[in-house]
1. Let me spell it out: the conditions are (1) closer than 23 Å to LEU222 by Cβ; (2) crowded, with 22+ Cβ neighbours inside 10 Å, and GLY121 meets all of them except one. Which number is the exception?
2. Mind telling me which of the residues ARG350, ARG380, ARG373, ARG388 ends up being farther than 30 Å from ARG224 by Cβ and charged (D, E, K, R)?
3. Here are LEU170, LEU184, LEU146: which of them is under 28 Å from LYS218 (Cβ atoms), in contact (Cβ under 8 Å) with a residue 60 or more places away in the chain, touching a Ser or Thr at 6+ places or on another chain (Cβ under 6 Å) and not assigned by the TED database to the domain that holds GLN316?
4. Give just the number: which of (1) over 30 Å from the mean Cα position of the chain (by Cα); (2) modelled with pLDDT of 95 or more does ALA206 not satisfy?
5. Scan the range 335-352 residue by residue and report those that are touching a residue at least 12 places away in the same chain (Cβ under 8 Å) and of a type in the set (Lys, Arg).
6. Looking only at residues in the range 427-444 that are among the aliphatic types (A, V, I, L, M) and surrounded by 12 or more Cβ atoms within 10 Å (Cβ to Cβ), which one is modelled with the lowest pLDDT?
7. Restricting attention to the range 294-322, which residues are in contact (Cβ under 8 Å) with a residue 60 or more places away in the chain and open to solvent by 40 Å² or more (accessible area, probe 1.4 Å)?
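The values are calculated or read from the model by the stated rules, or taken from the named source; none is laboratory data. Treat the numbers as computed from the prediction; the structure is a model and nothing was measured. Backbone-built Cβ (ideal geometry, glycine too); neighbour counts: all protein chains shown. We work out accessible area using only protein heavy atoms, side chains counted, and drop any ligands, DNA or RNA first. Shrake-Rupley method; radii C 1.70, N 1.55, O 1.52, S 1.80 Å.
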Amino acid sequence: MDNIQAVSALWTCASATCLSLDAKRHSLELSSADGQASPDVSNKSAPVDAHARKLRHIAHTPRGSCFMALLLLLLLALNFRHAHSCGPGRGLGRRRERNLYPLVLKQTVPNLSEYHNGASGPLEGVIQRDSPKFKNLVLNYNRDILFRDEEGTGADRVMSKRCREKLNMLAYSVMNEWPGVRLLVTESWDEDHQHGQESLHYEGRAVTIATSDRDQSKYGMLARLAVEAGFDWVSYVSRRHIYCSVKSDSSPSISHVHGCFTPESTALLESGAEKALGELAIGDRVLSMDTKGQPVYSEVILFMDRNLEQVQNFVQLHTDGGAVLTVTPAHLIAVWQPERQTLEFVFADRVEELSQVLVRDATGELRPQRVLRVDSVQSRGVVAPLTREGTIVVNSVAASCYAVISSQSLAHWGLAPMRLLSTLQSWMPAKGQLRSAQDKSTPKDATAQQQNGLHWYANALYKVKDYVLPQSWRHD
């Protein structure tokens, strides 16, 4: 408890300091941007090259030999099938071989009462437009979802945050499973009391869904995809629609949203070799990105989360250059804003098609590439390495090491104590701590000695964020 209280105090101080520093930095950046803006915006002949010149991304190491390039291609080919065969998403290459069995009529998953704690949990009370809890509901404007909205009030777009998250994941799965077909929401939040006396529709925690083509032969698989998307209770209640519900956003059984990559994703070591994130060790120096957007190599100082058995939903970003990044929805991704000529960090589930992410190309530079497709997949294992820079290039795509909160700089300041601790530890002999593979005294299977689960400091930050950060700064 003393450790948690100390961490809470450190976090509160860091938050207050960072808010002040961010405000000053933001004003300076705006002044600098105004002073450097070009009055001529008519030239649009070579946007990609212009972006590259402005980013000034210069690789610090030369590209490997032809033999190494062929070897890396071989390794990627061997891992390709495994990396893209998980979850309901279609992905690239061959279709997944994982068997998903449709639900049968009247089947529910889990096979419990909807109000059981192991399902969606107990009722919390009807929410009206004038209820204090109404402000906690959100609107869903996902363009990949059709909302019937018979009432014409927009009520079918109103739902809880957890319901919106699961519905958006399901929408991607539906499009991947049946190209040209979209998810149809026939009922969400109900303010007209058209359901039974006890219904989660009144709390915005339930939806009835179908497919846009109204093909009833698809509904059994639609129910299965809803289960895979993470709904807490799914019922193939009728031949005309599927019913889904979720736990309350305030439910203590809902774990904090974390930000991680899949263990099969790779990072580039300073030696020029690729290494799977599941095999990374503390002390490894991996390709990252500095505050100016330039590639640098940075040391892995800890793992904020590492669990090779946990099954998790991921967002998968596909670029026009062939790069594929698989990451949890709350993770921050570096997105280039060509209109403002700035680099911003955006939650992965809010990266849209045609957005531009930074990708390491054949020359070793980080250049903008357009996102062609956003999928949702489910995969086993989560890994979240933290580097000193607070960024990491995974599968050639630049990403943050942080998640959950929208400010990269604030998150980086929040982990300052861990960077200081790592520096102090580097001055002392390692005592049973996993070090880099460069340390010849480290056994080859030392990665197995790493933590299994959430790092205690990261867990403390997740617990206090709801008390010290405004809601608008947090991932919904």
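1. Answer for GLY121: the failing condition is (1).
2. Among ARG350, ARG380, ARG373, ARG388, only ARG388 is farther than 30 Å from ARG224 by Cβ and charged (D, E, K, R).
3. On the way: LEU170 fails: touching a Ser or Thr at 6+ places or on another chain (Cβ under 6 Å); LEU184 fails: in contact (Cβ under 8 Å) with a residue 60 or more places away in the chain.
After applying the criteria, what remains is LEU146.
4. Unmet for ALA206, out of (1) over 30 Å from the mean Cα position of the chain (by Cα); (2) modelled with pLDDT of 95 or more: (1).
5. ARG340
6. Taking the range 427-444 as the starting set, the residues that turn out to be among the aliphatic types (A, V, I, L, M) are 428, 430, 434, 437.
Now narrow it down to the ones that are surrounded by 12 or more Cβ atoms within 10 Å (Cβ to Cβ): 430, 434, 437.
On the way: ALA430: 53, LEU434: 46, ALA437: 42.
Among those that are among the aliphatic types (A, V, I, L, M) and surrounded by 12 or more Cβ atoms within 10 Å (Cβ to Cβ), it is ALA437.
7. Taking the range 294-322 and keeping what is in contact (Cβ under 8 Å) with a residue 60 or more places away in the chain, we get 294-319.
Listed by number, the residues that qualify are GLN294, LEU308, GLU309, GLN310, VAL311, GLN312.
For every residue, the table says whether it meets (1) polar (S, T, N, Q); (2) modelled with pLDDT of 85 or more.
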site: SER65; (1), (2): yes, no
site: ASN79; (1), (2): yes, no
site: LEU100; (1), (2): no, no
site: VAL109; (1), (2): no, yes
site: ASP144; (1), (2): no, yes
site: ASP156; (1), (2): no, yes
